[in-house]
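Input: a single structure, listed below in structure tokens.
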Amino acid sequence: MPSQNSRLKVVLIVGLLWMVLSLVIFLLLADEPTRTQWLGLTFLLISEGAAVGVLAFLEIQPPTAGSLFRMGSYAAVILFALFALPMAVVHAAGAATSSSILIVSELIALVVLLTLEILLFVSSRSSAASDRAAAARMGQSLSLLASLDDILKIETLSPELTAKLKKLVEEVRFFDRSAVTSSDKLLSDKAMRLSELIKGAGGDAPPEAGKLIEEMTALAKVRQREGQDSQRGGF
């Protein structure tokens, strides 16, 4: 599979060859180019350069760039090419003589292309940031569950503490992982403290461990309510 650099080089080389070809064809066919024809050629090259620039920009984006950004960019380039290139070709060929219409039309097309590209880029970055935040929240909840499951595997854990800990694990399993609350960090810190208490005791866990589990269970209920309130506040 071609690397990113290879694809980028191909896009740039093909784009440059296309622009050179346009210039050569114009010079061969236009005996005495008028001002409008030169303008047509100029905007033709600018339009081709803009299209190649967008395609090259897509090639340097990381694999995590959203499909909406890529597909939207391709669609924008195609629509731009369908409008801007024929307009420029017609004027470069001398079939049209209104330079003002050409200038206004091409500038509008370029502004629309750049605006769409910026909006798509910003939207994709915002979406990517939201996805990363959601993954981080998911990871935090799974990390808490993993810590509690590790504690449950300790053979010296008393039946009473095991029962309390299983109840806590069930509470954590039903967390809304799409929400971030003030209780998340507290629960993680307490889980770390609990692990240190039980593993450090060697034998029977100290009474403080049972109290800490009860605190965590109460905090987990608060965390559930906070997650539900967060969801209601989002609508």
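Listed values, structure above:
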item	result
Residue in segment 25-40 that is surrounded by 13 or more Cβ atoms within 10 Å (Cβ to Cβ), of a type in the set (S, T, N, Q), under 37 Å from the mean Cα position of the chain (by Cα) and part of a loop (DSSP other than H, G, I, E, B) present	no
Residue in segment 31-46 that is in contact (Cβ under 8 Å) with a residue 12 or more places away in the chain, closer than 23 Å to SER123 by Cα and not hydroxyl-bearing (Ser, Thr, Tyr) present	no
Test: residue in segment 125-136 that is modelled with pLDDT of 70 or more and in contact with a helix residue (DSSP H, G or I) (Cβ under 8 Å, 6 or more places away or on another chain)	no
Unique match (being at pLDDT 70 or above and under 21 Å from ALA75 (Cα atoms)) among GLU170, GLU117, GLU160	GLU117
Checking PRO86 against (1) at pLDDT 85 or above; (2) surrounded by fewer than 14 Cβ atoms within 10 Å (Cβ to Cβ), the condition it does not meet	(1)
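The values are calculated or read from the model by the stated rules, or taken from the named source; none is laboratory data. Model, not experiment: these values are computed from the prediction. No Cβ is skipped: glycine too gets one built from the backbone with ideal geometry, and neighbour counts run over all protein chains shown.
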